[in-house]
Amino acid sequence: MLFKTLSASVFGIDAYPIEVEVDVTAGKGIFLTVGLPDAAVRESSERIRSAINNCGLQFPWQNITVNLAPADVKKEGSGFDLPIALGILGTTGALLKTDLKDIVFLGELSLDGGLRPIKGALSIATMARQKGYSKLVLPLENAAEAAVVQGVEVYGLRSLPEALDFINGTREFNPVRVNTAAMLAQACQYTVDFRDVKGQLHAKRAIEVATAGGHNILMIGPPGAGKTMLAKRVPTILPPLTFDEAIQTTKIHSVAGVLEAGSGLMGIRPYRSPHHTISDAGLIGGGVIPRPGEVSLAHNGVLFLDELPEFQRNVLEVMRQPLEDGMVTIARASMTLTFPARFMLAAAMNPCPCGFFNDPSRECTCTPPLIQRYVSKISGPLLDRIDIHIDMPAVRFQELRQESGGETSDAIRARVIKTRERQLERFQGEKIFCNAQMSSRQIRKYCDISPESERMLESAMNRLGLSARAHDRILKVSRTIADMEGLENVGSDHVSEAIQYRSLDRSYWT
């Protein structure tokens with residue numbers, strides 16, 4: 001006997017429907033799954049057999065063939081357990097309803113018949129709405145995440161018997177409802193604040209400029225100067241996530257399996273800080289079926305790379321594409337996937353291996369060749385893609401003993417939001433959202449400078465040996481500083497400040 005159910009699988013961060021066909025014929029009890037299943041799907045036969053038996057239901061001791069269509073696309077994950085189990089029970093007559101073509105089923109089965117959470121629930125719910133499916137049945141832990149999508153009735157269940165009751169109508173189940181606005185407001189809570197940071201007024205100003213224009217920033221200073229402390233507080237002054245940004249960010253984290261069980265939308269901008277031993281696949285993404293890496297998990301948020309020269313050079317070089325394009329493309333023999341990766345890069349490094357070069361209170365023990373070798377671990381093309389470089393000296397004792405660290409994150413965020421609103425108004429219809437995303441054509445259009453500023457920039461380029469890319473970065477930062485002051489024209493003081501934010505272009509180490 002043949003019985004069909006409907007499920008879904010995730011490809012990249014998007015989902016596509018999978019038809020589950022179960023055929024039971026006379027034989028010796030062979031269980032065969034076809035349709036390019038991975039190991040987790042093939043092992044589902046043992047989970048399903050135990051779950052059905054332990055729930056007191058009848059498992060057919062005959063030959064069972066399960067086909068996952070389309071058969072030419074690889075299937076992975078344990079989310080097919082529930083639709084396969086329901087298909088098997090449908091062949092035994094345990095289901096009173098045989099037409100299930102408008103219901104998508106997902107869920108991993110435990111041996112006692114309970115349902116365990118899956119990955120990619122939000123992507124699957126989005127696909128169900130696009131394809132016109134009316135209902136989505138999945139584990140209770142994933143219900144709030146999937147219910148964010150309007151237009152699909154989402155039902156969160158705890159076990160296989162509940163799924164039978166749902167299909168047979170022997171119990172009443174209500175679809176899950178969520179208030180997305182309240183969910184975003186409740187989740188948008190930060191445990192850190194810029195008020196905690198003592199001193200470092202110059203660094204705070206540079207970080208505000210960076211967040212106001214979406215610029216990448218590199219902090220250079222001795223150990224204990226507060227580089228990591230400042231980086232952790234960068235998300236607190238970024239504008240709140242919009243609904244569309246929250247949806248896309250939640251999708252990525254759900255597919256990667258790092259979304260907290262039972263949560264709905266991500267309300268705060270992600271902050272990712274991978275260790276310097278990370279591989280290029282871990283940073284960019286990869287695998288036989290590629291998964292998002294750290295650059296994609298930081299999408300719409302902040303990626304912090306501490307001790308930048310300690311990262312492997314090949315790992316840093318693969319960041320060029322996401323820094324330039326806001327996306328990363330991973331090619332395999334059988335597929336090519338593109339993940340979004342538009343993030344703000346915040347990086348930190350010591351000025352030398354010992355960390356105390358140019359420190360007035362401690363002596364540096366590094367030789368000039370050692371310092372040069374340490375700094376040269378970061379390539380010129382990568383440095384060109386970092387708009388702002390700032391020096392952070394050690395914090396003085398008097399600053400540490402101050403009762404207050406200064407402005408709160410809320411006060412700084414209000415100014416950042418105002419600056420971003422000016423940029424959104426300027427770039428209407430241009431498909432960019434902040435100054436850091438401007439192309440060369442847009443730089444010429446919006447960053448017109450006076451002859452005096454032109455001479456200043458020319459002098460800086462000749463003296464510092466700046467590249468064409470560094471020239472564009474200076475103009476972008478200048479545009480942001482002018483926007484922060486509410487000015488339409490870029491002045492010489494704005495260009496001067498932007499030039500000061502190029503520490504690694506100056507003769508700092510010579």
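The values are calculated or read from the model by the stated rules, or taken from the named source; none is laboratory data. Everything numeric in this text was worked out from a predicted model, so none of it was measured. Positions of Cβ are generated from backbone atoms using ideal geometry, with glycine treated the same way; all protein chains shown enter the neighbour counts. Side chains are part of the model used for accessible areas, which takes the heavy atoms of the whole protein and leaves out ligands, DNA and RNA. Shrake-Rupley method; radii C 1.70, N 1.55, O 1.52, S 1.80 Å.
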Review point. Which ones in region 184-236 are under 15 Å from LEU345 (Cβ atoms) and among the small types (Gly, Ala, Ser)?
Key: ALA206, ALA210, GLY213, GLY214, ALA231
Exercise for review: Show the residue pairs that are 6+ apart or on different chains and have beta-carbon atoms under 9 Å apart, the first residue being within region 225-243 and farther than 13 Å from THR191 by Cα, the second being of a type in the set (Asp, Glu).
Suggested key: LYS227/ASP306; THR228/ASP306; ALA231/ASP306; PRO239/GLU421
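Does SER50 qualify as being closer than 25 Å to VAL152 by Cα and among the hydroxyl-bearing types (Ser, Thr, Tyr)? Full working, then the answer.
On the way: closer than 25 Å to VAL152 by Cα: no; among the hydroxyl-bearing types (Ser, Thr, Tyr): yes.
Taking the combined requirement at face value, the residue does not satisfy it.
Take region 85-118 and flag every residue that is of a type in the set (S, T, N, Q) and in contact with a Pro (Cβ under 9 Å, 6 or more places away or on another chain).
Looking only at region 85-118, we keep the residues that are of a type in the set (S, T, N, Q), and these are 91-92, 98, 110.
Within region 85-118, THR91, THR92 qualify.
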Exercise for review: With the checklist (1) within 26 Å of GLU485 (Cβ to Cβ); (2) in contact with a Lys or Arg (Cβ under 6 Å, 6 or more places away or on another chain) in hand, flag the one item ARG441 doesn't pass.
Suggested key: (2)
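Of the residues that sit in region 11-25 and are among the hydrophobic types (A, V, I, L, M, F, W, C) and modelled with pLDDT of 90 or more, which one is farthest from THR249 (Cα to Cα)? Before you say what the answer is, go through the steps one by one.
Going through region 11-25, the residues among the hydrophobic types (A, V, I, L, M, F, W, C) turn out to be 11, 13, 15, 18, 20, 22, 24.
Still in the running and modelled with pLDDT of 90 or more: 15, 18, 20, 22, 24.
Working: ALA15: 15, ILE18: 24, VAL20: 30, VAL22: 36, VAL24: 42 Å.
Ranking the qualifying residues of region 11-25, first place goes to VAL24.
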Practice item. Inspect region 479-489 for any residue being at pLDDT 90 or above, at positive phi and not aliphatic (A, V, I, L, M) and give the result as yes or no. Key: yes
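Is it the case, given these coordinates, that GLU294 is at pLDDT 90 or above, surrounded by fewer than 19 Cβ atoms within 10 Å (Cβ to Cβ), touching a strand residue (DSSP E or B) at 6+ places or on another chain (Cβ under 9 Å) and closer than 20 Å to THR277 by Cα? It would help to see each step written out before you state the result.
Details: at pLDDT 90 or above: yes; surrounded by fewer than 19 Cβ atoms within 10 Å (Cβ to Cβ): no; touching a strand residue (DSSP E or B) at 6+ places or on another chain (Cβ under 9 Å): yes; closer than 20 Å to THR277 by Cα: yes.
So GLU294 fails the test.
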**Study point:** The listed residue being under 27 Å from the mean Cα position of the chain (by Cα) and on the phi > 0 side of the Ramachandran plot, out of GLY156, GLY224, GLY199, GLY151
**Key:** GLY151
Point to revise | Residue tally, condition in a strand (DSSP E or B) and either within 15 Å of SER296 (Cβ to Cβ) or under 20 Å from the mean Cα position of the chain (by Cα) (or both), over region 306-359 | key: 14
Practice item. May I ask you to list pairs of residues, at least six apart or on different chains, whose Cβ atoms are under 8 Å apart, with the first in region 147-168 being aliphatic (A, V, I, L, M) and the second being part of a helix (DSSP H, G or I) and open to solvent by 10 Å² or more (accessible area, probe 1.4 Å)? Key: VAL148/THR180; VAL148/MET183; VAL148/ILE247; VAL149/THR126; VAL149/ARG129; VAL152/ARG129; LEU157/LEU140; LEU157/PHE166
**Study point:** Lone unmet requirement of (1) open to solvent by less than 10 Å² (accessible area, probe 1.4 Å); (2) modelled with pLDDT under 90; (3) under 18 Å from ASN142 (Cβ atoms) for LEU109
**Key:** (2)
Study note, to complete from the structure: Going through region 462-499 in order, the residues found to be over 31 Å from the mean Cα position of the chain (by Cα) and among the polar types (S, T, N, Q) are ASN462, ASN489, SER492, SER496
Exercise for review: State which residue is nearest to GLN437 (Cα to Cα) when the search covers only region 271-291 and only residues that are buried (at least 19 other Cβ atoms within 10 Å of the Cβ) and charged (D, E, K, R).
Suggested key: ARG272
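For the structure I just gave you, tell me whether ALA206 is open to solvent by less than 10 Å² (accessible area, probe 1.4 Å) and farther than 30 Å from PHE357 by Cβ.
Details: open to solvent by less than 10 Å² (accessible area, probe 1.4 Å): yes; farther than 30 Å from PHE357 by Cβ: no.
For ALA206, the condition - open to solvent by less than 10 Å² (accessible area, probe 1.4 Å) and farther than 30 Å from PHE357 by Cβ - is not met.
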**Study point:** Residues that are closer than 27 Å to LEU424 by Cα, without any contact (Cβ under 8 Å) to a residue 12 or more places away in the chain and not small (Gly, Ala, Ser), drawn from region 435-486
**Key:** ARG441, ARG444, LYS445, GLU454, GLU485
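Output the helices (runs of 4 or more DSSP H) that fall wholly within region 368-470 and possess 2 or more residues being at pLDDT below 90 and surrounded by fewer than 12 Cβ atoms within 10 Å (Cβ to Cβ), or say none.
On the way: elements: 368-375, 380-384, 397-400, 409-426, 440-446, 451-464.
Fully inside region 368-470 and qualifying: 368-375, 397-400, 451-464.
Could you tell me which of the residues PHE339, PHE311 is open to solvent by less than 60 Å² (accessible area, probe 1.4 Å), under 23 Å from GLU76 (Cα atoms) and aromatic (Phe, Trp, Tyr)?
Details: PHE311 fails: under 23 Å from GLU76 (Cα atoms).
After applying the criteria, what remains is PHE339.
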